[in-house]
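Undergrad: Pasting a structure here, questions to come.
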Amino acid sequence: MKAALNVKGLNGASLAIHDVPEPKAGDNDLLIAVKAIGLNRADLSRPVGNPDVPQANIAGMEVAGEVIGIGAAVKGFALGDRVMSMTTKAYAELAVADWRIAFRVPAHLSFTEAAAIPVFLSTGHDALVSNGELKRGDNVLITGVTAGVGTAMIQIARALGASVVAGTSRDADKLARLKAVGLDLGILAGRDNLAEACMGATGKKGIDVAADNVGAGMLGDLMDAAAIKGRIVSIGRLGGKIDQIDLDKIALKRLKLIGVTFRTRSAEEKIEISRRAWADLGPAIESGAMKPIVDRTFPLDEALAAQDYMRANSHIGKIVLTI
């Protein structure tokens, strides 16, 4: 089969299309004929493994496609089902995914749209609900809101009854476009005063749940913008990894600072995260009340160009590879 591999290039890690052996489904796996693949910021790290085992170097972490093989322990799925799932080795014509973290694709969604859902669904719900303790009526702030997971978290917060939903970006036009999917307050990074904007929009209460996709340089402003007993959830580090903390602010506002990642999760934890996310948000996806924003598609052969487009930060929503 054809796949996009993380390889060593002339200027460091790169991507290249190769023919590699087809994967085989384990007992708990679905074998999927891939139709579309969602891009994620983590894909840009391009870890290069053993060059003698090319299949191990396949990039990517979410797919949508058709079930063409079923493991012995799989329950509730059949050949021909349209599915979407987080997985590994996603940039390929065939992929395997654990049936316990896979979802059926609703009839109204295309494979392209479906491929934009699995990571945002689990990541957004885990950050906002399981860790951010989002409750109906809470005020929510999402930094770096125009990327795929950011646009998804707007919809998640709205679906679960958030009061004010605010977001930051360096692009005023993108912030304006996101009003259509539920963003109440767009804050222009580098120009607007974050804390003043949030306090003004929330009647001086502040932000109950801040989902931070930026990292370095944000903590001070997030603490200033936070409500008493607010929760700050660190998801991404687009702006860097190192920051400073004013312990007085944490103590006086009784804040929680929480880190999340899937890289240190066990298989059982990932299954539970997926189950909780679908229980809360599956009905909204099935009804069409929540729908991913797809910025642009690229064919699998142009995976490197798709990643370059992501790195340029010119998109809004998800970038998807198609087969």
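Quick note: the coordinates plus some simple rules give every number you see, no bench work behind them. Bear in mind the structure is a predicted one, so any value in this text is a computation, not a measurement. Because the Cβ atoms are built from the backbone with ideal geometry, glycine has one as well, and the counts that use them run over all protein chains shown.
Undergrad: Just the number: Rg to Rh for region 120-259, Cα atoms, Kirkwood Rh, two decimals.
TA: 0.92
Undergrad: For every helix of n ≥ 4 consecutive DSSP H residues, a contribution of -39,500 (n - 2.57) applies; sum these over the chain, divide by its total residues, and give [θ] at 222 nm rounded to the nearest 500 deg cm²/dmol.
TA: Calculated from helices alone, the mean residue ellipticity at 222 nm is -7000 deg cm²/dmol.
Undergrad: Using the number of other C-beta atoms within 10 angstrom as an exposure proxy, rank 302, 196, 268 with the fewest first.
TA: Values: 302 17, 196 12, 268 9.
Going from sparsest to densest Cβ surroundings: 268, 196, 302.
Undergrad: Give me, ordered by chain and number, the residues 5 or more places off residue 318 or on other chains with an amide H under 5 Å from its own placed amide H.
TA: Under 5 Å from the amide H of residue 318 lie the amide H atoms of 293, 294, 295, each far enough along the sequence or on another chain.
Undergrad: Related question: Taking the square root of 5 times each eigenvalue of the Cα gyration tensor, what semi-axes in Å does the equivalent ellipsoid of region 249-323 have, largest first?
TA: After scaling each eigenvalue by five and taking roots: 30, 21, 16 Å.
Undergrad: Once the Cα atoms of helix 148-159 and of the chain are each reduced to a long axis, what angle between those two axes, in degrees from 0 to 90 to the nearest 10, is obtained?
TA: The answer is roughly 60 degrees.
Undergrad: Search the structure for amide H atoms under 5 Å from the amide H of residue 89, placed 1.01 Å from N in the peptide plane, and list their residues when 5 or more places away or on another chain.
TA: 60
Undergrad: Take 222, 238 and order them by how many other Cβ atoms sit within 10 Å, fewest up front.
TA: Listed from fewest to most nearby Cβ atoms, that is 238, 222.
Undergrad: While we're here: In the chain, what % of DSSP beta bridges are antiparallel (nearest 5)?
TA: Within the chain, antiparallel bridges account for around 55 percent of the total.
Undergrad: Quick one: the Cα spread of region 1-89 along its three principal axes, in angstroms, biggest first?
TA: Answer, in whole Å and largest first: 46, 26, 18 Å.
Undergrad: Now for a different question. Under 14 Å Cα to Cα from residue 270, which aspartates and glutamates show up? Leave out anything in the same chain fewer than 8 places away.
TA: The reachable aspartates and glutamates, counting only those whose Cα sits under 14 Å from residue 270, are 62, 98, 126.
Undergrad: What residues qualify as long-range amide H neighbours of residue 227, i.e. H under 5 Å apart, gap of 5 or more or another chain, H built at 1.01 Å from N?
TA: 207, 208
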